[in-house]
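> I have a structure I would like to understand better, so I am pasting it below and will then ask my questions one at a time.
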Amino acid sequence: MNDLFLRACRRETTERTPVWMMRQAGRYMPEYRALREKRTLIELCKTPELACEVTLQPIRAFQMDAAILFADILLPLEPMGAPFSFEKGEGPVVHSPVRTRAQVDALRVIEPEELGYVLEAIRLLKKELNVPLIGFAGAPFTLASYLIEGGKSAHYDQMKRIMYGDPDLWHALMAKLAEVVRKYLHAQIEAGADAVQLFDSWVGQLSPRDYVEFVAPHVSHILKSVEATGVPVLHFGTGTALLLKQQREAGGTVLGLDWRTPLAWGWEQIGHDRGVQGNLDPTVLFAPKEIAISHAKRVLDEAAGRPGHIFNLGHGILPGTPVDTVRAVVETVKAYSARS
Ligand code: CP3
């Protein structure tokens with residue numbers, strides 16, 4: 001087994017920097033589009049054999065150093081009592097946005113077995129993979145943003161109306177989500193996940209003060225518990241330059257950095273006693289290959305060969321990304337970071 005990724009998470013010295021890319025399985029790959037043509041995203045997620053196949057596609061195509069389970073952060077919402085669908089051009093839509101006390105009380109704290117198809121996909125993958133498998137879940141703030149706003153949002157006004165205006169209701173919702181996510185990540189680890197990532201994609205909406213008051217206790221409830229298993233935990237967000245110290249306190253073996261945060265500066269904020277993951281701008285992959293390669297080298301230069309860096313994008317890979325550029329960046333990272 002190629003365990004570079006796990007060793008880097010633990011800040012051990014490695015022969016080279018491990019590389020994978022967030023959302024590495026998806027629409028930019030022709031193999032994915034071929035499978036997806038005849039099925040919905042949810043069908044792919046709910047069929048372990050297909051979820052397994054899609055997870056393997058970027059491993060075969062690019063020899064990534066880690067696989068991320070093919071699933072979606074929103075999957076727990078349906079059994080909790082908040083059904084959603086993916087609408088063309090709109091992204092996820094939660095059918096009845098959750099905004100009242102009665103609706104929050106009605107949400108169920110589900111057992112992870114209700115997402116048994118995800119756990120089954122993990123068990124299948126463990127038989128196929130020769131690189132570590134990353135499980136994942138959405139963080140409470142990011143999940144709450146879809147639940148309350150009903151989909152993607154520009155200003156998060158409904159969410160913040162509750163957060164500022166009815167903190168008791170806010171904390172009740174966040175606590176329920178946190179408990180669901182905590183159990184779900186534990187179940188993924190029991191099923192065989194070698195590491196887990198918590199996606200708090202939209203938390204950069206908050207000031208450090210509000211993060212500490214409204215989010216940190218719930219993230220910490222999840223991360224401290226999951227970290228106790230000894231499995232590496234990656235804690236990711238975007239727009240978080242001013243939240244890194246607070247996120248670090250909330251937990252995580254490795255902290256994610258987006259592309260707006262200079263890697264060297266961000267790592268200093270977090271402290272070199274934690275690992276970092278990132279942080280190539282995903283849109284750089286649309287530039288000519290040579291330019292993308294030079295940006296990838298700059299990211300590695302900023303990490304300066306320090307143990308504990310995992311090369312990744314600063315956010316998920318975008319549809320339309322040229323496959324050849326992805327391959328060239330992966331090869332560059334492997335060659336340029338090689339240590340004698
Ligand atoms: O390789 C992988 O990482 C695939 C597994 C994965 C998916 N979603 C599959 C997916 C992961 C890790 C996610 C996480 C996820 N889902 C996040 C956090 C990561 C981030 O990018 O911030 C979020 C916010 C979601 C919610 C979500 N799912 C959105 C906003 C969308 C919409 C998109 C759109 O472009 O229409 C999805 C759909 C989704 N989830 C796709 C994939 C591959 C799109 C592909 C498709 O429709 O076939």
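The values are calculated or read from the model by the stated rules, or taken from the named source; none is laboratory data. What you are looking at is a predicted structure, and each value in this text was computed from that prediction instead of being measured. Positions of Cβ are backbone-derived with ideal geometry, glycine not excepted, and every protein chain shown enters the neighbour counts.
> Mind listing just one residue for me: the one in the range 248-260 that is without any contact (Cβ under 8 Å) to a residue 40 or more places away in the chain and farther than 24 Å from Asp3 by Cα and, of those, nearest to the ligand (Cβ to nearest atom)?
For the range 248-260, the residue satisfying everything is Ala250.
> Within the range 56-68, which residues are touching a helix residue (DSSP H, G or I) at 6+ places or on another chain (Cβ under 6 Å), within 23 Å of Leu119 (Cβ to Cβ) and buried (at least 23 other Cβ atoms within 10 Å of the Cβ)?
Scanning the range 56-68 gives Ala66, Ala67.
> In this structure, is Lys152 in contact (Cβ under 8 Å) with a residue 60 or more places away in the chain, of a type in the set (Lys, Arg) and surrounded by fewer than 17 Cβ atoms within 10 Å (Cβ to Cβ)?
Criteria met by Lys152.
> Which one of the conditions (1) within 16 Å of the ligand (Cβ to nearest atom); (2) surrounded by fewer than 21 Cβ atoms within 10 Å (Cβ to Cβ); (3) not in a helix (DSSP H, G or I) does Gly204 fail to meet, given that it meets all the rest?
It fails just one condition, (3).
> What about Thr261, is it buried (at least 17 other Cβ atoms within 10 Å of the Cβ), among the hydroxyl-bearing types (Ser, Thr, Tyr) and not in a strand (DSSP E or B)?
yes
> Any chance you could count how many residues in the range 123-159 are closer than 15 Å to Gln57 by Cα and either in contact with a Pro (Cβ under 6 Å, 6 or more places away or on another chain) or of a type in the set (Asp, Glu) (or both)?
The number of residues fulfilling the criteria is 2.
> Is it fair to say Ala25 is small (Gly, Ala, Ser), under 30 Å from Val333 (Cα atoms), at pLDDT 95 or above and in a helix (DSSP H, G or I)?
No: the conditions fail for Ala25.
> What pairs can you find where one residue is in the range 51-63 and hydroxyl-bearing (Ser, Thr, Tyr), the other is part of a loop (DSSP other than H, G, I, E, B) and within 12 Å of the ligand (Cβ to nearest atom), and their Cβ atoms are less than 7 Å apart, with a gap of 6+ or different chains?
Thr55/Ala25; Thr55/Leu69; Thr55/Phe70
> In the range 22-55, which residues are buried (at least 19 other Cβ atoms within 10 Å of the Cβ) and within 23 Å of Leu4 (Cα to Cα)?
Correct list: Met22, Gln24, Ala25, Cys52, Glu53, Val54, Thr55.
> Please tell me if Gln188 is surrounded by fewer than 20 Cβ atoms within 10 Å (Cβ to Cβ), part of a helix (DSSP H, G or I) and touching a helix residue (DSSP H, G or I) at 6+ places or on another chain (Cβ under 8 Å).
no
> Still on this structure: Only one of these is among the basic types (Lys, Arg) and part of a helix (DSSP H, G or I): Arg123, Arg99. Name it.
Only one candidate qualifies: Arg123.
> Within the range 56-82, restricting attention to residues that are among the charged types (D, E, K, R) and in contact with a Pro (Cβ under 9 Å, 6 or more places away or on another chain), which residue is nearest to the ligand (Cβ to nearest atom)?
Asp72
> If you go through the range 102-120, how many residues are outside any helix (DSSP H, G or I), under 23 Å from Leu41 (Cβ atoms) and acidic (Asp, Glu)?
The number of residues fulfilling the criteria is 0.
> Can you name the residue in the range 288-334 that is free of Cβ contacts under 8 Å to residues at least 24 places away in the same chain and either in contact with a Pro (Cβ under 9 Å, 6 or more places away or on another chain) or assigned to a helix (DSSP H, G or I) (or both) and, of all such residues, is nearest to Asp3 (Cα to Cα)?
If we take residues in the range 288-334 being free of Cβ contacts under 8 Å to residues at least 24 places away in the same chain and either in contact with a Pro (Cβ under 9 Å, 6 or more places away or on another chain) or assigned to a helix (DSSP H, G or I) (or both), then Glu331 is nearest to Asp3 (Cα to Cα).
> Suppose the filter is of a type in the set (Asp, Glu) and out of contact with any helix residue (DSSP H, G or I) (no Cβ under 8 Å at 6 or more places or on another chain); does Glu12 pass it?
Yes.
> Six or more apart or on different chains, Cβ atoms under 6 Å: show the pairs whose first residue is in the range 218-241 and part of a strand (DSSP E or B) and whose second is β-branched (Val, Ile, Thr).
So the pair list comes out as Val233/Val196; Val233/Val226; Val233/Thr253; Leu234/Val254; Gly237/Val203.
> Mind checking which residues of the range 18-33 are over 19 Å from the mean Cα position of the chain (by Cα) and more than 12 Å from the ligand (Cβ to nearest atom)?
Selection gives Pro30, Glu31.
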